[in-house]
Structure formats: C-alpha cells, structure tokens
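I have a structure here, written as structure tokens, and I will follow up with some questions on it.
The values are calculated or read from the model by the stated rules, or taken from the named source; none is laboratory data. Since the structure is predicted, the reported quantities are computational estimates derived from the model, not experimental observations. Positions of Cβ are backbone-derived with ideal geometry, glycine not excepted, and every protein chain shown enters the neighbour counts.
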Amino acid sequence: MLHAEGPLLSIDLSRQETETENIDSVLESFIGGRGVGTKLGHDRIPTDIDPFDPENRLYFSTGPLQISIMSFTGRMNVTSLSPLSSGLASTNAGGFMSRNFADTGYSAVELVGACDELTAIHVRDDGVTFESVPALEGALVSEVTEYMDEEHDLEAENIACIGPAGENQVRFSAIMTTESRAFGRGGMGAVLGSKNVKAVTFAGDSRRDIDIPDISTEIHRDAAQSDSIMKRQGTASVTDLSNELGTFPSRYFEDVRFEGFEGINGDMVESKKYKKGTCSACAFACKLPTKDEATGLETEGPEFETIMAFGGNCAIDDIVSVMKSNELCDEYGMDTISCGNAVAAYLKANDAFGDSELVHEMVEKIALREGDGDLLAEGIHRFHDELGVEDWTVKGMSFSAHDGRTVHGQGLSFATANRGADHMYSTFYAWEYPLVSRDEAVDPEGLEGKAPLVVEQEQRRALEDCGVVCRFSRGMQSVERLESLFMADYEDLLDVGERVITLERHFNNQRGFDRNDDDLPYELPGFEDALDEYYAEHGWQNDGTVPANAVSDEAAAD
Amino acid sequence: MEIELKLFATLRETVGQKSVTRDVEEGATVGAVLRDLVSEYPDLEIFDETDEVYDHVNILINGRNIQHVDGLDTALSADDTIGVFPPVEGGTGLDYDSVA
C-alpha cells in the first residue's frame with residue numbers, strides 16, 4: 001500500500017528540544033495525513049486534559065501524494081484535541097504549504113508543551129530554530145507573511161500561522177497558510193495560541209522519493225481537461241441547487257432557503273473573480289481570487305459554506321458584504337462557518353438580520369474578544385443559553401450547509417461525525433442531491449438502509465484525508481482508480497479509513513462521548529433505528545462506544 | 001395551466017433568461033415540457049444523443065429531484081416549478097464512462 005515516508009519530528013516547546021522518531025509502522029498502517037495524526041494523537045494525547053493544557057499535542061502531517069504532481073493533492077492535515085468539540089479532530093487545508101512541508105523530509109511534525117513567549121518555529125531539513133516574535137503580537141495573517149518575507153525570505157506558502165483570534169484562543173480560530181487557506185474547523189488556531197506559537201514555517205531540500213503509480217497522470221489529465229463549472233465558480237456553484245432543494249440554511253437556521261440567494265450565488269462570485277486560483281499541482285484550479293472594483297476589496301472566495309454562514313444565515317444578500325466577512329476571517333484567522341453562524345446567532349438574538357455593518361463589527365470583536373465578541377468567541381454551544389437562541393451544533397461544532405432536515409442521510413452523518421456537524425466528514429449530501437452519477441444517487445427522504453452507505457463514504461473520506469486527496473476529485477475517483485493509486489484492494493483501503501474513524505471515536509469515548517452526543521437539534525424519521533444500524537455497521541456498541549477489543553485488535557495490527 | 005421553468009448557470013446563459021413560463025395541459029409531463037424547450041433552444045444541454053438526460057444534470061420539481069418521483073414521466077400540476085441545473089460542485093464536466 002502506498003504510504004508517506006519519513007520520520008516524525010517531535011518538538012518540545014517548553015524545553016525547546018527536538019527529537020526524531022521512526023514511525024514506519026504507523027505510516028504502513030495509516031498511509032499518512034489524518035491517519036497518522038489520529039494514530040499518534042490517540043496514543044499520545046492524555047484523554048483527561050483541557051485542550052489548552054500544554055500536554056495537548058498538535059500534528060502537522062502529509063500523505064504520500066504530497067510529493068507528486070497529481071491534481072487534487074495540494075492539501076495537508078492537522079490533528080489535535082479540539083477546543084471546540086473537546087474531542088480528537090483533524091482538519092485539512094489547501095494552498096501550497098504541503099510541498100514545502102514535504103521538503104523537510106518529515107512525514108509528520110508534533111508540537112507538545114508551550115513556549116514562554118510568542119514564538120515562531122522554523123522547521124528545516126537541517127534543524128529547528130525557535131524565534132521569539134513579540135513584535136508579532138496581535139499581527140494579522142498578512143502581517144505575519146510580510147514579516148517572514150522581510151526577515152527570513154520566506155513566502156506565504158512556507159507558513160502556517162495564527163491571527164489575533166488564535167492568540168486570543170477563540171474556539172473556532174483557524175491555522176492559516178498561504179495567507180488565505182485555512183485549517184478551518186475545530187479551533188486548531190486556538191491550540192497554537194495556547195502554546196504561544198504564532199507561526200510554524202517549513203522549508204528544505206530533502207523531499208522523499210516515493211514511486212507514485214501512473215494512474216496519477218490520468219487523474220491529472222482529467223482535471224486539466226474537465227470543463228466543470230467549479231473551474232469558474234468553485235464550490236459557490238452549488239448555491240442555486242442547494243437553495244432550490246431546500247438545504248441552504250438562512251436566518252440562523254430558521255429556514256432552509258434564502259430569498260436573497262441570487263445576490264450571493266456562484267454567478268455573483270464569478271462576477272468578482274479576476275484571475276484563476278489553485279493549490280499545488282492542481283489543474284482543476286477551483287479557487288476564487290475576487291476583487292470588488294468599487295471598494296477595492298480583495299479576497300479569495302467566498303466559498304459556498306461562507307456564503308451560507310455569512311450570507312443566508314445572516315440574511316445578507318450582498319456578495320461584497322460576504323467577501324468582506326471572508327477577508328476579515330482570513331486576516332484574523334477564523335473558520336468562516338463557525339464564525340458566520342456565531343454572528344448569525346447574535347443577529348437573531350438582537351433582531352438584526354441583514355445588518356451588514358454589525359456583522360463585520362462582530363467578526364472583529366470576536367477575534368479580539370471585545371465586548372459581546374468575548375462571549376461569541378466561545379462558540380454557539382457554550383453561549384446559546386446566555387443569548388437565548390437554539391444550540392445549532394453537534395459536539396460543539398456548528399452546522400455547515402447541506403441541511404440535514406432535507407437531505408436526511410447527511411443529517412445522520414452530521415449527528416454521528418466524530419468531529420461534529422461538518423459536511424466534509426462524509427459528504428453524503430453529494431449522493432442525495434445528487435452530485436454523483438444518477439445511478440449512484442440516493443433519495444434524500446428517510447434513513448432506511450442509509451447507514452451502511454454513510455459509513456462507506458465516511459471511510460472513503462478518511463482514506464482521502466490520509467492520502468491526502470481533495471474532496472473535489474470526487475468525479476474522477478472510481479474504485480478502480482483508488483485501488484491503482486494506493487496499490488491496495490478497495491476493502492483494505494476502506495479498512496484504513498475505518499481504523500482512523502474508530503480511533504477517533506475510541507479517544508472521544510474516553511472523554512465521555514457516547515450515543516447521547518450523536519444527536520441533532522431536529523428530528524429525522526427513523527433516526528434511532530438508523531443510529532443502531534450505523535453503530536452495528538462500524539462494529540461498535542449500541543451506546544455509541546467502541547468495544548475495547550476493537551482498538552486492541554487495531555494495535556496488534558501495527 | 002401555467003408552470004414555471006427555472007434555469008441555472010450555463011443553461012441560463014443559453015436561454016438568456018432566468019426562467020420561462022409555459023402553458024401546458026393538466027397532466028403534461030416534465031419530459032415533454034423539457035423536450036419542447038430544447039427544440040426551441042437546440043444548444044440547451046439537457047438530453048444526450050440517446051435522448052437521455054445527461055448524467056449530473058439535475059431536474060427538480062418543486063424542489064424535489066424527479067429521479068425520486070416519476071422521472072421524465074412526472075406529471076405536472078398548475079403552478080408547478082421545474083428547476084434545471086447543469087453539473088455543479090464536484091461535477092467533472094466529463095463523460096466519466098469514457099475516462100474511467
């Protein structure tokens with residue numbers, strides 16, 4: 001089976017010491033990316049600590065494909081104990097950093113402990129340096145990039161950093177890379193903030209030599225030849241369809257459609273796009289550099305989920321307003337979904353839907369923890385009682401679009417996903433819209449028979465996160481191609497995904513998560529039966545926990 | 001009776017309008033209405049050379065995919081809205097069978 005190569009670099013931030021460790025057996029079992037981060041985090045992060053405890057560990061990791069020239073591989077993974085969900089969580093970002101990370105020669109980098117003062121960590125193939133950076137206190141992401149350019153001749157694509165939100169431990173702050181790309185969900189920026197790490201940079205000349213199967217060339221060619229509308233409108237292209245289907249939340253989840261969608265849809269984003277944008281090696285090039293000529297505002301995006309959170313859910317029908325929210329989140333370093341939903345909750349509590357100025361004011365206040373922003377920075381699950389609004393979260397993570405009240409299988413996935421209410425965990429909505437071939441489509445109504453289908457897609461998404469392969473390769477990844485690319489049988493590949501998901505769940509069970517946490521703020525027909533079926537399909541117990549022997553069997557397989 | 005046809009993205013560009021209304025007989029089918037539209041706009045990419053709806057083209061009646069109703073035989077009632085979408089997020093834009 002194809003897997004990443006290279007040792008683990010462990011960085012003790014408290015002692016400012018490093019250690020290199022052979023993790024070949026982990027790489028062989030878990031391929032790379034989320035699998036490796038999850039296996040290491042599961043085994044090494046104490047299960048009884050607060051996410052902001054210095055003993056929490058954070059992992060950067062790539063898969064084998066980050067040394068390749070294949071489209072859809074410009075991504076890499078971060079895993080840690082999430083301050084938002086309080087469970088083990090992984091998140092990945094696009095951009096160009098994965099290749100610079102691969103150039104260090106490490107397959108994964110672990111951060112443990114905490115620095116005494118604000119610090120930048122420079123990871124090179126010939127060693128690690130710790131740089132005290134008090135001048136970067138409160139710096140925006142673009143200011144960190146500018147500093148690294150001037151002082152170290154580094155580019156945005158060498159840098160993972162946090163903005164003010166991460167320093168202030170906003171529970172949905174992101175780790176930003178390549179300026180505008182986010183390790184978005186789960187609050188990993190706050191973990192770096194709690195460790196006093198403002199930035200981690202990666203560079204070197206020690207990229208591993210891995211034989212990538214020839215099928216990668218075919219996939220790359222298809223990406224280049226595709227005339228998908230994503231090349232013009234990115235994920236924003238799905239806005240109209242989502243709204244028509246009734247999966248587009250609006251007014252803090254009061255409705256599943258938004259009457260103002262045509263002011264913020266893919267056509268509007270395309271009208272502001274001024275050049276092509278992409279990630280490393282990717283000929284699909286679905287990114288969205290945009291500019292509003294009237295105001296001079298420039299940003300990258302918004303993507304569909306940002307359009308939902310800052311558009312529909314805030315009842316904003318002006319694309320320039322959503323672009324500004326997007327840019328503020330990128331600069332302050334926050335997940336646009338959780339931030340937009342938190343602001344939407346605030347608008348609901350204050351009867352202020354559609355107030356664009358208030359939206360932008362609250363984004364900045366959240367990042368700086370000023371006034372009511374300090375409360376919102378805790379995330380909806382922690383503040384909803386005080387604001388008197390409903391708790392639109394699962395496991396502390398607020399919902400993305402593709403509303404499960406309409407696409408019920410996606411609803412089951414929102415409920416059961418280990419990291420919370422996130423669409424990327426299984427992307428099951430794609431089978432219910434459908435965005436896949438018609439003969440693979442699933443009726444969005446009801447849950448009967450869907451649990452095994454949801455589980456298979458969870459496993460495939462987990463495999464992609466090990467690879468690391470972008471979700472939007474969906475149309476070009478047949479079972480046969482996956483088998484060729486990873487040089488293994490489909491069942492064995494799904495088994496890798498299953499072991500990743502099971503380790504996440506096992507870790508979270510030890511922190512008290514069980515069936516009660518696999519819940520939704522709305523009812524779905526046959527939900528409890530579907531949960532039973534879902535657990536059975538995974539081989540878990542009916543209370544939503546992993547049997548002890550499942551993890552010991554997994555450990556024995558190492 | 002009157003029904004509304006809403007077109008999106010590239011299909012909208014072909015027709016030059018967001019939506020069109022049509023007078024049809026009670027019980028007329030979605031397929032018949034769409035075929036009439038294609039004869040009016042031959043560049044409209046809804047049906048392939050075998051007269052099947054292109055894979056990844058989604059046709060909704062009042063927000064529900066016709067695939068889960070009666071397909072192209074889905075009967076229309078007064079004030080129904082048909083939405084027609086070209087391939088969107090994650091769609092390949094390729095005839096996948098030819099490249100698999």
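Yes or no: A:Y429 among the hydroxyl-bearing types (S, T, Y), closer than 19 Å to A:Q410 by Cα and more than 8 Å from every other protein chain (Cβ to nearest Cβ)? If you could, list the steps in order and put the result at the bottom.
On the way: among the hydroxyl-bearing types (S, T, Y): yes; closer than 19 Å to A:Q410 by Cα: yes; more than 8 Å from every other protein chain (Cβ to nearest Cβ): yes.
So A:Y429 passes the test.
Please go through (1) free of Cβ contacts under 8 Å to residues at least 12 places away in the same chain; (2) touching a helix residue (DSSP H, G or I) at 6+ places or on another chain (Cβ under 9 Å) for A:D385 and return the number of the only condition it doesn't satisfy.
Result: A:D385 passes all but (2).
Another question, then. Checking the structure you have, find out if any residue of region A:497-505 is out of contact with any strand residue (DSSP E or B) (no Cβ under 7 Å at 6 or more places or on another chain), over 23 Å from A:E244 (Cα atoms), among the aliphatic types (A, V, I, L, M) and within 14 Å of chain B (Cβ to nearest Cβ).
Going residue by residue through region A:497-505, those that are out of contact with any strand residue (DSSP E or B) (no Cβ under 7 Å at 6 or more places or on another chain) are A:497-503, A:505.
Filter once more, keeping what is over 23 Å from A:E244 (Cα atoms): A:497-503, A:505.
When the remaining residues are screened for being among the aliphatic types (A, V, I, L, M), the result is A:500-501, A:503.
Pick out the ones that are also within 14 Å of chain B (Cβ to nearest Cβ) and you get none.
Looking for residues that are out of contact with any strand residue (DSSP E or B) (no Cβ under 7 Å at 6 or more places or on another chain), over 23 Å from A:E244 (Cα atoms), among the aliphatic types (A, V, I, L, M) and within 14 Å of chain B (Cβ to nearest Cβ), one finds none in region A:497-505, hence no.
Still on this structure: What is the one condition in (1) over 25 Å from A:D422 (Cβ atoms); (2) touching a strand residue (DSSP E or B) at 6+ places or on another chain (Cβ under 6 Å) that A:S271 does not satisfy?
Every condition holds for A:S271 apart from (2).
Taking only pairs six or more apart or across chains, which ones have beta-carbon atoms under 7 Å, a first residue in region B:39-62 that is facing another protein chain (nearest Cβ under 10 Å), and a second residue that is buried (at least 20 other Cβ atoms within 10 Å of the Cβ) and of a type in the set (D, E, K, R)?
Taking only residues 6 or more apart or on different chains, the pairs are B:L60/A:E244.
Report whether or not B:G27 is within 13 Å of chain A (Cβ to nearest Cβ), more than 27 Å from A:D267 (Cβ to Cβ) and touching a residue at least 12 places away in the same chain (Cβ under 8 Å). Lay out the reasoning, then the answer.
Working: within 13 Å of chain A (Cβ to nearest Cβ): no; more than 27 Å from A:D267 (Cβ to Cβ): yes; touching a residue at least 12 places away in the same chain (Cβ under 8 Å): yes.
No: the conditions fail for B:G27.
Run down A:D519, A:D492 and say which single residue is surrounded by fewer than 16 Cβ atoms within 10 Å (Cβ to Cβ), touching a residue at least 60 places away in the same chain (Cβ under 8 Å) and farther than 27 Å from A:T393 by Cβ. Give the derivation first.
Working: A:D519 fails: farther than 27 Å from A:T393 by Cβ.
Result: A:D492 is the single residue among A:D519, A:D492 that is surrounded by fewer than 16 Cβ atoms within 10 Å (Cβ to Cβ), touching a residue at least 60 places away in the same chain (Cβ under 8 Å) and farther than 27 Å from A:T393 by Cβ.
Still on this structure, I have one more. Report, by residue number, each residue of region A:31-55 that is within 19 Å of the chain's Cα centre (by Cα) and farther than 30 Å from A:Q225 by Cβ.
Scanning region A:31-55 gives A:G35, A:V36, A:G37, A:T38, A:K39, A:L40, A:G41, A:H42, A:P51.
Give region B:1-40 a look and list any residue that's in contact with a helix residue (DSSP H, G or I) (Cβ under 6 Å, 6 or more places away or on another chain) and in a helix (DSSP H, G or I), or say none.
B:V30, B:G31
Determine which single condition A:E378 fails, assuming it passes every other condition in (1) touching a helix residue (DSSP H, G or I) at 6+ places or on another chain (Cβ under 6 Å); (2) not in a helix (DSSP H, G or I).
Every condition holds for A:E378 apart from (1).
One line per residue, one yes/no per condition, for (1) surrounded by fewer than 24 Cβ atoms within 10 Å (Cβ to Cβ); (2) modelled with pLDDT under 95; (3) within 26 Å of A:N326 (Cα to Cα):
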| site | (1), (2), (3) |
| --- | --- |
| A:R171 | no, no, yes |
| A:T177 | no, no, yes |
| A:F183 | no, no, yes |
| A:G189 | no, no, yes |
| A:L192 | no, no, yes |
| A:I210 | yes, no, no |
| A:S216 | yes, no, no |
| A:M230 | no, yes, yes |
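Please enumerate the residues belonging to region A:260-276 that are without any contact (Cβ under 8 Å) to a residue 40 or more places away in the chain, crowded, with 17+ Cβ neighbours inside 10 Å and touching a Lys or Arg at 6+ places or on another chain (Cβ under 7 Å).
Within region A:260-276, A:E270 is the sole residue that qualifies.
Within region A:33-57, how many residues are of a type in the set (D, E, K, R), closer than 14 Å to A:E110 by Cβ and crowded, with 17+ Cβ neighbours inside 10 Å?
Result for region A:33-57: 2.
Right, here's the next one. If a residue has to be part of a loop (DSSP other than H, G, I, E, B) and buried (at least 20 other Cβ atoms within 10 Å of the Cβ) to count, how many in region A:381-395 make the cut?
Of region A:381-395, the ones part of a loop (DSSP other than H, G, I, E, B) are A:388-392, A:395.
Going one step further and asking which of them are buried (at least 20 other Cβ atoms within 10 Å of the Cβ), we end up with A:392, A:395.
Number satisfying all stated conditions: 2.
From the set of residues in region A:432-447 that are hydrophobic (A, V, I, L, M, F, W, C) and closer than 19 Å to A:S237 by Cβ, which is farthest from the other protein chains (Cβ to nearest Cβ)?
From region A:432-447, those hydrophobic (A, V, I, L, M, F, W, C) are A:435-436, A:441-442, A:447; that's our starting set.
Applying the additional criterion that residues be closer than 19 Å to A:S237 by Cβ yields A:435-436, A:441.
On the way: A:L435: 5, A:V436: 8, A:A441: 6 Å.
In this case the residue turns out to be A:V436.
Let me ask you something else. Here are the criteria: (1) without any contact (Cβ under 8 Å) to a residue 60 or more places away in the chain; (2) in contact with a Leu (Cβ under 8 Å, 6 or more places away or on another chain); (3) away from every other protein chain (no Cβ under 14 Å). Tell me which single one A:D529 does not satisfy.
Only one criterion is unmet by A:D529, namely (1).
Just to confirm my filter: which helices (runs of 4 or more DSSP H) fall fully inside region A:1-116 and include at least 2 residues that are in contact with a Ser or Thr (Cβ under 9 Å, 6 or more places away or on another chain), among the charged types (D, E, K, R) and closer than 23 Å to A:H423 by Cα? Show your work before the answer.
Details: elements: A:24-30, A:33-44, A:97-102.
Ranges flagged: A:33-44.
One line per residue, one yes/no per condition, for (1) on the phi > 0 side of the Ramachandran plot; (2) among the aliphatic types (A, V, I, L, M); (3) within 25 Å of the chain's Cα centre (by Cα):
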position	(1), (2), (3)
A:A190	no, yes, yes
A:G204	yes, no, no
A:D209	no, no, no
A:R221	no, no, no
A:G234	yes, no, yes
A:V256	no, yes, yes
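Among the residues in region A:403-421, are any more than 14 Å from every other protein chain (Cβ to nearest Cβ) and aromatic (F, W, Y)?
yes
This table checks each residue for (1) closer than 23 Å to A:D53 by Cα; (2) polar (S, T, N, Q); (3) free of Cβ contacts under 8 Å to residues at least 24 places away in the same chain.
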| site | (1), (2), (3) |
| --- | --- |
| A:G95 | no, no, no |
| A:F101 | no, no, no |
| A:I121 | yes, no, no |
| A:S132 | yes, yes, yes |
| A:A135 | no, no, yes |
